[in-house]
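Presented below is the structure to which this report refers.
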Amino acid sequence: MSVSGEQEFATEVAASVAHCFATITAFEQYPQWFSGIERAAVLERHADGYGKRVDFSINLTIRSIRYVLAYQYEKPTRLTWRSVDGDVESVEGSYRFEKLAPQRTRVTCRQAISLGFWIPGPIRRLLERNALEQSVREFKAAAEAAAQRSTTEKRGTGGGRRKTEEGRGKKQRT
C-alpha cells in the first residue's frame, strides 16, 4: 500500500472462511452491524455479482464523510479496496481470511487512510487505530452471528415448527 500510516488488526472468528467472506461482501448490511457506517450502496457489480464500487457514508464523530471504494477479490480468502471518489484523500486496505478449523478463521484487516484534512498526528493515529479495531470487532460479531444463525437453521427448523404447532394446539384446547 502506498498510503502512509498503515494499520493492521487481526482476530480469530468463530465462523468459517465462507461465512466471513459472505459477511464482509454483504455491503448493504454494513449499517446494521458497523456502528460508524450510516449508509452503504453498491454502485457497480463485478460479473459474479460481488460489489465492484461501493459508496459509503460514515460518521467520524468530528464530521460525516462520504467515499467510494473499488473492490477486488480472491474468493474466498481475500478482498482489497482503494478509494476512487469522495471526501477522503485516499483509502487502501484488505481483509484476509485464514482457515484455522472448520468453524474458526483468523481475520486480518490492513488499512491506510489519508483523510485529506488536518487532525493532529497523535489524535489521528488514535482515531485510525480505534476505528480499525472497532470495525474488525463489529465484523467479528456479525460473522459469528451469521454462522450461529446458519447452524441453528440447519439443526432443526422442524423442531421449532413442532413446538409452535403444539403451542397452538394447547391454545385451542383452552
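Listed residues 54, 68, 84, 91; which is at pLDDT below 95 and assigned to a strand (DSSP E or B)? Write out each step before concluding.
Numbers: 54 fails: at pLDDT below 95; 68 fails: at pLDDT below 95; 84 fails: at pLDDT below 95.
Selected residue: 91, the only one of 54, 68, 84, 91 that is at pLDDT below 95 and assigned to a strand (DSSP E or B).
Which ones in segment 84-104 are closer than 15 Å to residue 27 by Cα and out of contact with any helix residue (DSSP H, G or I) (no Cβ under 6 Å at 6 or more places or on another chain)?
Scanning segment 84-104 gives a single hit, 94.
Being touching a Lys or Arg at 6+ places or on another chain (Cβ under 8 Å) and hydrophobic (A, V, I, L, M, F, W, C) is the filter here; which residues of segment 16-49 pass it?
If the condition is that a residue be touching a Lys or Arg at 6+ places or on another chain (Cβ under 8 Å) and hydrophobic (A, V, I, L, M, F, W, C), then 17, 21, 42, 43 are the ones that fit.
Test residue 8 against the criterion of being in a strand (DSSP E or B) and surrounded by fewer than 13 Cβ atoms within 10 Å (Cβ to Cβ), and give yes or no. Spell out the reasoning first.
Working: in a strand (DSSP E or B): yes; surrounded by fewer than 13 Cβ atoms within 10 Å (Cβ to Cβ): no.
So residue 8 does not fit the description; no.
Restricted to segment 19-29, and to residues that are in contact with a Phe, Trp or Tyr (Cβ under 9 Å, 6 or more places away or on another chain) and under 22 Å from residue 103 (Cα atoms), which residue is surrounded by the most Cβ atoms within 10 Å (Cβ to Cβ)?
The residue in question is 20.
Any chance segment 11-26 includes a residue that's in contact (Cβ under 8 Å) with a residue 60 or more places away in the chain, within 19 Å of residue 94 (Cα to Cα), in a strand (DSSP E or B) and touching a helix residue (DSSP H, G or I) at 6+ places or on another chain (Cβ under 8 Å)?
yes
Return yes when residue 112 is in contact with a strand residue (DSSP E or B) (Cβ under 7 Å, 6 or more places away or on another chain), modelled with pLDDT of 95 or more, aliphatic (A, V, I, L, M) and part of a strand (DSSP E or B) and no when it is not.
So residue 112 fails the test.
Restricting to segment 77-95, give me the number of residues that are more than 16 Å from the chain's Cα centre (by Cα), surrounded by 16 or more Cβ atoms within 10 Å (Cβ to Cβ) and over 20 Å from residue 39 (Cβ atoms).
Total satisfying the criteria: 1.
Suppose we keep only residues that are touching a helix residue (DSSP H, G or I) at 6+ places or on another chain (Cβ under 9 Å) and either over 20 Å from residue 93 (Cα atoms) or buried (at least 18 other Cβ atoms within 10 Å of the Cβ) (or both) within segment 117-139. Which one would you say is modelled with the highest pLDDT?
Looking at the filtered set, the residue picked out is 139.
Test each condition in (1) crowded, with 17+ Cβ neighbours inside 10 Å; (2) closer than 30 Å to residue 151 by Cβ; (3) modelled with pLDDT of 95 or more; (4) not aliphatic (A, V, I, L, M) for residue 34 and report the one that comes out false.
Tallying (1) crowded, with 17+ Cβ neighbours inside 10 Å; (2) closer than 30 Å to residue 151 by Cβ; (3) modelled with pLDDT of 95 or more; (4) not aliphatic (A, V, I, L, M), residue 34 fails exactly one: (3).
Please go through (1) exposed (fewer than 15 other Cβ atoms within 10 Å of the Cβ); (2) without any contact (Cβ under 8 Å) to a residue 40 or more places away in the chain; (3) assigned to a strand (DSSP E or B) for residue 40 and return the number of the only condition it doesn't satisfy.
If we test residue 40 against (1) exposed (fewer than 15 other Cβ atoms within 10 Å of the Cβ); (2) without any contact (Cβ under 8 Å) to a residue 40 or more places away in the chain; (3) assigned to a strand (DSSP E or B), just (1) comes out false.
The values are calculated or read from the model by the stated rules, or taken from the named source; none is laboratory data. Just so it is clear, the structure is predicted and the values come from calculations on it, not from any experiment. Please note: Cβ atoms are built from the backbone with ideal geometry, for glycine as well, and neighbour counts cover all protein chains shown.
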